[in-house]
Amino acid sequence: QVQLVESGGGLVQAGGSLRLSCAASGGTFSSYNKGWFRRAPGKEREFVAAISRSGDYTEYADSVKGRFTISRDNSKNTVALQMNSLKPEDTAVYYCAAGRMGSGSHVSVDMSEYAYWGQGTQVTVSS
């Protein structure tokens, strides 16, 4: 059983930056695809960013391209989301997700392909 715990959320002004981290335990971190999703107030959960098991391939939602960067450190069992140039519309609860699908280069944007989820961390961007 894989357990995921997010951290790094908080309150930041528009244009600022935050770095979210996700720590994994209970499994082999490198064996899983990793992704970040978010749920804004009044909206459904949506894809943000994902990284392959190899760590060489990434994908981002159009709304965050050029501003967010996903990375992973398999030796530390962590995955991070660096968020720059934050906007009020980025305000949401951010969730770390893990799953195992496809090849080592596969990057999934589909929420249904992720079997494990963290509890979420709140990110609030003020205008």
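The values are calculated or read from the model by the stated rules, or taken from the named source; none is laboratory data. Note that the structure is predicted; figures quoted are calculated from it, not measured. Using ideal geometry, Cβ is built from the backbone for each residue, glycine included, and neighbour counts are taken over all protein chains shown. Only protein heavy atoms, including side chains, enter the accessible area calculation; ligands, DNA and RNA are left aside. Shrake-Rupley method; radii C 1.70, N 1.55, O 1.52, S 1.80 Å.
So here's what we get for this one:
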quantity: Hz values of 3J(HN,Hα) by residue in region 85-92 - Karplus curve (6.51, -1.76, 1.60), Gly and Pro given as x; calculated: 6, 5, 10, x, 6, 7, 4, 4
quantity: Solvent-accessible heavy-atom area per residue, rounded to whole Å², over the chain at 1.4 Å; calculated: 48
quantity: Where trypsin sites (Lys or Arg not before Pro) in DSSP loops with at most 14 other Cβ within 10 Å are excluded, longest remaining stretch of the chain; calculated: 66-127
quantity: Region 43-127, Cα convex hull volume normalised per residue, Å³; calculated: 104
quantity: Dipole in debye (nearest 20) - region 50-121, about Cα centre, beta carbon charges: Lys, Arg +1; Asp, Glu -1; calculated: 220
quantity: Fraction of the pair-distance distribution of region 86-127 above 12 Å, Cα-Cα pairs, percent; calculated: 66
quantity: Dipole magnitude of region 1-108 about its Cα centre (Cβ charges: Lys, Arg +1; Asp, Glu -1), debye to nearest 20; calculated: 120
quantity: For q = 0.15, 0.17, 0.18, 0.30 Å⁻¹, Debye-computed log10 I/I(0) when each Cα of region 1-55 counts as one equal scatterer; calculated: -0.57, -0.72, -0.79, -1.28
quantity: Of all accessible heavy-atom area on the chain, the percent that carbon and sulfur account for (1.4 Å); calculated: 44
quantity: Phi-based couplings in Hz for region 111-116 (Karplus 6.51, -1.76, 1.60; Gly and Pro marked x); calculated: 4, 5, 8, 9, 8, 10
